[in-house]
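Chemist: Once you've had a glance at the structure underneath, I'll fire off some questions.
The values are calculated or read from the model by the stated rules, or taken from the named source; none is laboratory data. What you see is a predicted model; the values in this text were computed from it and never measured. Ideal geometry is used to build each Cβ from the backbone, glycine not excepted, and the neighbour counts take in all protein chains shown. When the accessible area is computed, the model is the full protein with side chains, heavy atoms only, and any ligands, DNA or RNA have been set aside. Shrake-Rupley method; radii C 1.70, N 1.55, O 1.52, S 1.80 Å.
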Amino acid sequence: MGEWSFLSSLLDKVQSHSTILGKVWMAILFLFRIFILAAGVDRVWGDEQANMNCNTKSPGCKNACYDQSFPLSHTRFWVLQILFVSTPTLIYLGHVLLVIRRENKLRRRAELKFVRHGPIKAPKYSNEQGRVQVKGVLLFSYMTQLLFKVLLEVAFIVGQYYLYGFILMPSKITFSEYPCPAPIECFISRATEKSVFIVFMLAMAGLSVMLNIMEMFYLIISTMKEKKRRSAASEK
């Protein structure tokens with residue numbers, strides 16, 4: 001679990017700059033994906049190639065069967081998925097920290113110039129406690145990272161099917177290509193348990209897509225309501 005601590009600490013900082021749905025997405029990423037992947041999946045998969053039994057002793061045949069059936073280990077695939085899906089959020093965090101830094105400088109300059117020149121332009125996106133309002137350029141940045149997360153999640157869901165050619169883990173694989181002299185059968189260990197994890201991770205990816213889409217609509221509706229409220233207030 002230690003190798004995930006740095007990523008977890010970074011993503012944890014995003015929570016204070018996210019909406020309610022964004023915090024739910026973060027909880028799902030932490031509890032149901034990173035934790036499960038770090039704590040349970042490696043024990044189930046282990047050394048896949050060593051645990052696969054084939055009804056042949058022909059040199060290289062087992063290796064070729066495994067390489068064709070599993071071009072990339074499921075665990076490594078999910079690690080890449082989490083890293084890629086988390087990247088837009090980390091970029092948004094960098095943008096938020098940059099905005100906070102700029103506005104803290106503006107706030108300090110305002111304190112120095114207030115006595116001489118009177119009040120000047122106040123910070124727009126953050127308060128003195130470092131909390132930001134998701135509006136303007138930050139709203140655009142937040143919506144962009146949501147869109148990219150949806151696209152990346154969908155790409156990995158579709159890519160998983162095209163990479164392996166199956167959703168549930170098969171208990172037996174038939175292979176008849178070189179260097180096998182004849183068609184062979186290889187048997188996967190813990191196929192049912194692995195299928196449960198595959199379905200679980202796919203379900204979490206689907207839930208992530210749904211939450212991100214819901215958050216996009218939530219922000220759009222909230223922005224529209226805020227504009228209507230301001231226009232109604234200006235008319236009065």
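Conditions (1) modelled with pLDDT under 85; (2) in a helix (DSSP H, G or I); (3) of a type in the set (Val, Ile, Thr), marked per residue:
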residue: GLY94; (1), (2), (3): no, yes, no
residue: ARG109; (1), (2), (3): yes, yes, no
residue: ARG116; (1), (2), (3): yes, yes, no
residue: PRO119; (1), (2), (3): yes, no, no
residue: VAL134; (1), (2), (3): yes, no, yes
residue: PHE140; (1), (2), (3): no, yes, no
residue: VAL150; (1), (2), (3): no, yes, yes
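Chemist: Moving on to the next point. Can you go through THR192, THR144 and tell me which one is open to solvent by less than 50 Å² (accessible area, probe 1.4 Å) and free of Cβ contacts under 8 Å to residues at least 60 places away in the same chain?
Modeler: THR144
Chemist: Take the residues in the range 151-169 that are over 18 Å from the mean Cα position of the chain (by Cα) and open to solvent by less than 70 Å² (accessible area, probe 1.4 Å); name whichever of them is nearest to TRP45 (Cα to Cα).
Modeler: MET169
Chemist: All but one of (1) modelled with pLDDT of 80 or more; (2) more than 19 Å from LEU211 (Cβ to Cβ); (3) crowded, with 17+ Cβ neighbours inside 10 Å hold for VAL85; state the number of the condition that does not hold.
Modeler: Answer for VAL85: the failing condition is (2).
Chemist: Here's another thing I want to ask about it. Looking only at the range 61-82, decide whether some residue is part of a helix (DSSP H, G or I), modelled with pLDDT under 80 and either open to solvent by less than 30 Å² (accessible area, probe 1.4 Å) or of a type in the set (Gly, Ala, Ser) (or both).
Modeler: Within the range 61-82, none of the residues are part of a helix (DSSP H, G or I), modelled with pLDDT under 80 and either open to solvent by less than 30 Å² (accessible area, probe 1.4 Å) or of a type in the set (Gly, Ala, Ser) (or both).
Chemist: What's the total number of residues in the range 19-60 that are within 19 Å of the chain's Cα centre (by Cα), surrounded by 15 or more Cβ atoms within 10 Å (Cβ to Cβ) and over 30 Å from PHE217 (Cβ atoms)?
Modeler: Summing the residues that are within 19 Å of the chain's Cα centre (by Cα), surrounded by 15 or more Cβ atoms within 10 Å (Cβ to Cβ) and over 30 Å from PHE217 (Cβ atoms) in the range 19-60 gives 2.
Chemist: Which of the numbered conditions does LYS172 fail, given that it passes all the others? Conditions: (1) surrounded by fewer than 16 Cβ atoms within 10 Å (Cβ to Cβ); (2) closer than 22 Å to ILE36 by Cα.
Modeler: Condition not satisfied by LYS172: (2).
Chemist: For the range 28-47, what are the residues that are assigned to a loop (DSSP other than H, G, I, E, B) and charged (D, E, K, R)?
Modeler: Result: ASP47, single match.
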